[in-house]
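Contents: one structure, followed by commentary.
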Amino acid sequence: MSKLNTNSNSYIIIYSAILVVIVAFLLAFIFKALKPMQDANVALDVKKQILYSLNIRGLDGQQAEAKYAEVVKEEATVADKTYYVCNVGGQKKLVFPLKGMGLWGGISAFVSVNDDLNTIYGAYFNHEGETAGLGAEIKDSQEWQERFQGKKIFADDGSLAIGVVKKVENPASEVDCVTGATLTSNGVSDMLREGLNAYIELLKQNK
């Protein structure tokens, strides 16, 4: 029997192919095994963001699950858009998920609104890759997010007035942009107006 030539091209190719198949199988197995846990973590993160928009923070995973089950009463739709019907301290709140574009990628938000369908109760913003210390402040700065509390969505004439601006002229509906992050702030402003406009059929029920 001839000795296997481990230096031949055919041996190297076959060995490499077998190794690739084994590694691919192992990766697929690990991914499948971990996917339920990953999905659960993603779902929990969304629940926490919804709670943040309702000004409920500082909860661990188990506490967040319990609180979410307590306050979120219904997942509803209007014009094919999902929103959440909640009850906080006996008061009805609606939470709207929004998506937009920042400077470097996608941004998102959950905005909660009082039962008057005009006054913002709370807001939480997230991003995919905004600059740390600048655009990333839309997520990292709780103080900036809290500036949206009490802001009006509509002007007196019924037009959308909520926005993020460099110079506030209408304090009832406008919030100062993040310092040094004008483009990200513009993205947030566009997201608020375009996103909430998608729910206009619901929001104008009291108009």
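Okay, here's what the table says:
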{"item": "CD proxy at 222 nm, helix term only [per DSSP H run n ≥ 4: -39500 (n - 2.57); per residue of the chain; nearest 500]", "result": "-13500 deg cm²/dmol"}
{"item": "Inter-centroid distance (Cα atoms) of the range 4-43 relative to the range 48-63, Å", "result": "38"}
{"item": "Rg(Cα) / (2.2 N^0.38 Å) computed for the chain, rounded to two decimals", "result": "1.43"}
{"item": "Sparsely packed GluC sites (Glu not before Pro) within the range 119-207, loop by DSSP, other Cβ within 10 Å at most 12", "result": "128, 169"}
{"item": "Part-to-part distance (alpha-carbon centres) for the range 131-207 and the range 67-128, which is given in Å", "result": "14"}
{"item": "Neighbour net charge for residue 86 - beta-carbon separation under 12 angstrom, K R +1, D E -1", "result": "+1"}
{"item": "Dipole-positive endmost among 13, 132, 112 within the chain (Cβ charges, Cα centre)", "result": "13"}
{"item": "Charge dipole (the chain, unit charges on Cβ, about Cα centre) - positive-most of 153, 26, 86", "result": "26"}
{"item": "With DNA, RNA and ligands ignored, accessible area of residue 57 (1.4 Å probe; Å², nearest 10)", "result": "70"}
{"item": "Heavy-atom accessible area order for 13, 162, largest first, 1.4 Å probe", "result": "13, 162"}
{"item": "Rounded accessible area per residue of the chain, 1.4 Å, Å²", "result": "59"}
{"item": "Point-charge dipole on Cβ atoms (K/R +1, D/E -1) for the chain, about Cα centre, debye to 20", "result": "540"}
{"item": "Set 92/139; 35/93; 93/151 screened for pairs whose C-alpha atoms are more than 23 Å apart", "result": "92/139; 35/93"}
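The values are calculated or read from the model by the stated rules, or taken from the named source; none is laboratory data. Since the model is a prediction, treat every value here as computed from it, not as a measurement. Counting neighbours? That spans all protein chains shown, and the Cβs are built from the backbone with ideal geometry, glycine included. These area figures cover heavy atoms from the full protein model, side chains too; ligands, DNA and RNA do not enter into them. Shrake-Rupley method; radii C 1.70, N 1.55, O 1.52, S 1.80 Å.
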